[in-house]
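> Structure provided below as structure tokens; questions to follow.
Each value in this text was obtained by applying a stated rule to the coordinates, not by laboratory testing. Computed from a predicted model, the values in this text were never measured in an experiment. Every residue, glycine as well, gets a Cβ built from its backbone with ideal geometry; the counts of neighbours run over all protein chains shown.
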Amino acid sequence: MNTSTATTSTSLLILGGGTAGTMIANKVRKQLPDWSVTVVDKTDIHDYQPGYLFIPFGMNEPKQVRKTKRPFFADGVNLVMGEVDIVDPESQKVTLEDGRILAYDYLVIATGTTPRPDQTEGMLGPEWHKTVTEFYTYDGAVSTRAALDKFTGGRLVVHVTEMPIKCPVAPLEFSFLADDYFTKRGIRDQVEIVYVTPLDGAFTKPVASRELGHKLEEKKIVLEPDFMIESVDQEAKVLRSYDEREIAYDLLVTVPLNMGADFVAKSGLGDELNYVPVDKHTFQSTQYDTIFALGDASNIPTSKAGSVAHFSVDVFMENLQQLAAGQEMTHSFDGHANCFVESGGGKALLLDFNYDTEPLTGTFPLPKVGPMSLLKESRANHLGKLAFRHIYWNALLPGRPLGLKADMTMAGKNTE
Amino acid sequence: MATTTIAGQTYDVNEEGFLTDPQVWTEELGTELAKLIGIEMTDAHWKAIRFLREDHGVMGETPTLRRVSTQAGIPVKELFALFPKKPAKKMAYVAGLPKPKGCV
């Protein structure tokens, strides 16, 4: 299974063994057994990232979200541990930081997106992961739990630096769960929760705003919209914006700027945030036919979320089989995303949308029957969200079909 | 769908007054839209708005503040001076493009 043997098998090189990369590797082994598949990753740890949200509130234990990567790859997948230095798209070679060179016929960039607190002045400092913390990494989620445990009252600021971010509803969910958490501790009346966003509201789509707009007020969460952060002052404990507004905090839970991998920029393959510009229906690089980007690493205009990675991979695999057969790619991704949103009190909402259709009310996956309800709180949605961790480890990553169609359906959705 | 009349012409707009069809936009209309939110267009304003229009034409999306800043070379602070308080939203409005949105 390496390129030095005298076989003529097509080689697929996948950079990143996260959700998208693992699924693709396993599906290619099954569907294109003649191909050689190599995955490069810098770590052998695979975290179930949606579980990070629950760690600060003691609803998931850290060990439940972390596993070793290797066992998730099918036999025959060549796993290379190393950090990517640069891609040379012309000669179709990838150089690792230790000097190893890997050649490819097709390259999949699936290195995701990473929180970058270093990109905002003052965010990284002596108080990082203490009174200025985040829940988008394993260590961050664990430190946020410690910070919440110690918190006895004052102002909790939940902050989004800039869009796009991974799992864009997570900071709202965090605010709702924090409301619940402090209520349970009996100190909710001593805590002020402020939600700070660069957008013009917590909800920006018409139907979601109408259905959910009252949620913040109901839960006494103060909204600070249109806040474009310039710096954090850890000593004075304030956020400062470009238009000179200040927001004081006792505990800041921020979502730092999200960026794609640095090698993407170094290789000349990225936009201003190191995301790979691709055709939003096929994931093919707009610059090179032999390069694709899947999962959070691309610039497609939909949520950076596991469900998008999942549906994207289904469409990508159909196209890849056509490419392998020397045919034109005819399958087109519609931007389908499907996300559970914790709303507190043991309930959750479900969102189902795509490039053209905003989140609507209704039932999912079956019309009328559900059992999940769209854009409406229910216990079933919450249980669905909790159950998904098992589905992720046991069915999604190994590449087993989940019975959900890649294309969004209008069946069960209310259109007015 | 609501409509608005600007300089004798009727245009389709959404509930916030944003044009719903980017194709009907002209620079003359941009000047009028800017006036409606109290902005007198200068060369500096046009540099940003023309970038928004071009970038939307290529990418199919309204560029973020960061993208306008890095690609058009206009510091974020300056964008706040040109389009006070809500530059991302105001630039989109003047350029006849959809405002930046989240997923809900």
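> For the range A:116-257, with equal point scatterers placed on the C-alpha atoms only and solvent neglected, what are the log10 I(q)/I(0) values from the Debye formula at q = 0.14, 0.16, 0.20, 0.21 1/Å, to two decimals?
Cα-only, vacuum Debye calculation for the range A:116-257: -0.61, -0.81, -1.30, -1.43.
> Something else now. Relative to the present Cα-Cα distance, how much length would full extension add between A:Thr290 and A:Glu217 at 0.36 nm per residue of separation?
Length gained between A:Thr290 and A:Glu217: 21.3 nm.
> Still on this model: Which value in Å is the Kirkwood Rh of the range A:282-335 over different Cα pairs?
11.5
> Another question, then. Relative contact order for the range A:116-257: what percent, with Cα pairs under 8 Å and sequence separation of 6 or more?
RCO, the range A:116-257: 37 percent.
> So if I place +1 on the C-beta of Lys and Arg and -1 on the C-beta of Asp and Glu, and nothing else carries charge, what would the dipole magnitude of chain A be about its Cα centre? I want it in debye, nearest 20.
Here the size comes out at about 1820 debye.
> Can you compute the equivalent ellipsoid semi-axes for the range A:71-185, i.e. the square root of 5 times each eigenvalue of the Cα gyration tensor, sorted largest first and rounded to whole Å?
Equivalent ellipsoid of the range A:71-185: 39, 17, 14 Å, largest first.
> Separate question: Please report, in cubic angstrom per residue, the volume enclosed by the convex hull of the alpha-carbon atoms of the range A:266-416.
Spread over its residues, the Cα hull of the range A:266-416 gives 141 Å³ apiece.
> Here is a follow-up. Per 5 Å bin from zero, what fraction in whole % of the C-alpha pairs of the range A:337-396 is there, up to the bin with the longest pair?
Here the calculated profile for the range A:337-396 is 5, 20, 26, 24, 17, 7, 0.
> Express the relative contact order of chain A as a whole percentage, based on alpha carbon pairs under 8 Å and six or more residues apart in sequence.
Taking the mean separation of contacting Cα pairs over the length of chain A, I get 16 percent.
> Which distance in nm do the two modelled labels at A:Gln322 and A:Thr8 give, with both placed 7 Å along the Cα-to-Cβ direction?
2.5
> First obtain the Kirkwood hydrodynamic radius of the range A:1-156 from its Cα pairs, then insert it into the Stokes-Einstein equation at 10 °C and 1.306 mPa s, and state the resulting D in µm² per second as a whole number.
The calculation lands on 89 µm²/s.
> Over all distinct Cα pairs, what is the inverse of the mean 1/r for the protein assembly as shown, reported as the Kirkwood hydrodynamic radius in Å?
That comes to 24.2 Å for the protein assembly as shown.
> Another question about this same structure. Could you tell me the calculated FRET efficiency between A:Glu246 and A:Gln119, based on Cβ-Cβ distance and R0 = 25 angstrom, to the nearest 0.05?
0.80
> Which order do the peptides A:159-167, A:374-382 take when ranked by the mean count of other beta-carbon atoms within 10 Å per residue, highest first?
Going from most to least packed, we get A:159-167, A:374-382.
> In cubic angstrom, how much convex hull volume per residue do the alpha carbon atoms of the range A:1-81 span?
Convex hull volume per residue, Cα atoms: 86 Å³.
> Determine the calculated [θ] at 222 nm for the protein assembly as shown from helices alone, applying -39500 (n - 2.57) to every DSSP H run no shorter than 4 residues and normalising by the residue count; nearest 500 deg cm²/dmol.
Using -39500 (n - 2.57) per qualifying helix, the result is -8000 deg cm²/dmol.
> Note down the relative contact order for the range A:337-396 as a percent, whole number, built from C-alpha pairs under 8 angstrom at least six residues apart.
Normalised by residue count, the contact order of the range A:337-396 is 31 percent.
> On to the next question. At a Cα cut-off below 16 Å, give the aspartates and glutamates reachable from A:Lys205, other chains included and same-chain residues fewer than 8 away excluded.
Qualifying aspartates and glutamates at Cα under 16 Å: A:Asp226, A:Asp352, A:Asp356, A:Glu358, A:Glu416, B:Glu15, B:Glu16, B:Glu61.
> I would also like to ask the following. With 10 angstrom as the radius, rank A:Ile291, B:Ile6 by how many other C-beta atoms surround their C-beta, starting from the fewest.
B:Ile6, A:Ile291
> Would you calculate the separation in nanometres between label points at B:Glu28 and A:Asp98, each defined as 7 Å from the Cα along the Cα-to-beta-carbon direction?
6.7
> Mind giving me the FRET efficiency for A:Arg70 and A:His390? R0 is 25 Å, r the Cβ-Cβ distance, nearest 0.05 is fine.
Taking R0 as 25 Å, the efficiency between A:Arg70 and A:His390 is 0.80.
> Here's another thing I want to ask about it. Which aspartates and glutamates, if any, have their Cα less than 18 Å from the Cα of A:Lys42, not counting same-chain residues under 8 positions apart?
Leaving aside aspartates and glutamates fewer than 8 places away in the same chain, those within reach of A:Lys42 are A:Glu83, A:Asp85, A:Glu97, A:Asp98, A:Asp139, A:Asp262, A:Asp296.
> Also, I was wondering about something else. For the range A:72-137, treating each Cα as an identical point scatterer without solvent, what Debye log10 I(q)/I(0) comes out at q = 0.12, 0.16, 0.20, 0.29 1/Å?
At q = 0.12, 0.16, 0.20, 0.29 Å⁻¹ the computed log10 ratios are -0.55, -0.78, -0.90, -1.32.
> On to the next question. For the pair A:Thr183/A:Arg210, report the inter-label distance in nm, with labels modelled 7 Å from Cα in the Cβ direction.
For the pair A:Thr183/A:Arg210, the computed spacing is 2.6 nm.
> Take the Cα coordinates of chain B, assign each an equal point scatterer, and use the Debye formula without solvent to give log10 I(q)/I(0) at q = 0.12, 0.24 Å⁻¹.
Computed log10 I(q)/I(0) values: -0.36, -1.44.
> Of A:Lys184/A:Lys347; A:Lys237/A:Lys266; A:Lys67/A:Lys219, which pairs sit farther than 26 Å apart, going by alpha carbon to alpha carbon?
Those over the limit are A:Lys237/A:Lys266; A:Lys67/A:Lys219.
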